[in-house]
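Following: one structure in structure tokens, then a few remarks.
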Amino acid sequence: MKKISDAVAEIVANDWVLKVGLAKRLMNLSQVARHIHATVEARTQKSVEGGAITMALSRLRDDLPPLDDKLGIGLADRVTVQRGLAVLTFANTPEVHVGLLTLQQRVRERDRHLTLTEGIREITLIIDESQLDTVYKTVGRRPQRISPGIASLSVSLTEENLATPGILYRLLQPLALQGVNLAEVASTTSEFHVYIDEADVMLALESLYAAFR
């Protein structure tokens, strides 16, 4: 049967937010204990008093080394910016599918930006604003929602970054702290794309560089 201290240490080790909060003494230990109580009991397979978890957290916090919470992944050469985009949302219907397939071919021929994300009820299209007339003519349906004046911040990640727990959270946290609203996000295996209002581009870039340099 796993000891309480071991269970707490495992939980903190796998949660970057908890690790940083404890190392920098930003968190109330009793509140953290309540937050992880059920997880500790699941790992130890026994009933556990909240006070025991608080004590384990206190000892663990005292043993944590100073934490450098910057990844140092060299964002200066890994972030690209593209302005002049629009985010459109369509109903997910067969007619829209047919139109978007034709649109993809036309946009590729023009070497323009296009990102498609398909959900159960909706399809999101991100495209150059200059192509909006082409979208309307090709798809044949008006979007349910459109957000013009959008820019993309695209971050290229290394294999080492991909193995870092919470890497996407750590990219988004500086933007959230600055109040930068996300119009949309998209990703591939090694690329993470954040779509924001063009007016927030410089603030977003400065926040990311400050967090990761």
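Read-outs throughout are calculated quantities, based only on the coordinates presented, and are distinct from any laboratory measurement. Nothing here was measured: the structure is a model prediction, and the numbers come from that model. Because the Cβ atoms are built from the backbone with ideal geometry, glycine has one as well, and the counts that use them run over all protein chains shown.
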Taking the Cα centre of the chain as origin and charging only Cβ (+1 Lys, Arg; -1 Asp, Glu), how large is the dipole, in debye to the nearest 20?
-> 440
Calculated FRET efficiency for the pair Ser58/Val81, C-beta based, R₀ 41 Å, to 0.05 = 0.40
Contact order relative to length of the stretch 109-213, as percent, for alpha carbon pairs under 8 angstrom and 6 or more apart = 24
Taking 0.36 nm per residue of separation between Lys24 and Asn92 and subtracting their Cα-Cα distance, the length gained on full extension comes to 19.9 nm
Residue-span extension gain [Tyr209 to Arg121] - 0.36 nm each, minus C-alpha spacing = 28.0 nm
Tell me, what HN-Hα J-couplings in whole Hz come from the Karplus equation 6.51 cos²θ - 1.76 cosθ + 1.60 at θ = phi - 60° for each residue of the stretch 124-135, using x for Gly and Pro?
-> 9, 10, 10, 8, 4, 4, 5, 9, 4, 4, 5, 4
Angle in degrees between helix 29-44 and the longest Cα principal axis of the chain, rounded to the nearest 10 | 90
Asn92 long-range amide H proximity, modeled H, under 5 Å | Glu122, Ile123
Mean projected area, convex hull of alpha-carbon positions in the chain, reported to one decimal in nm², is 15.0
Using R₀ = 25 Å, calculate the FRET efficiency as 1/(1 + (r/R₀)^6) where r is the Cβ-Cβ separation of Glu198 and Arg110; round to 0.05.
-> 0.70
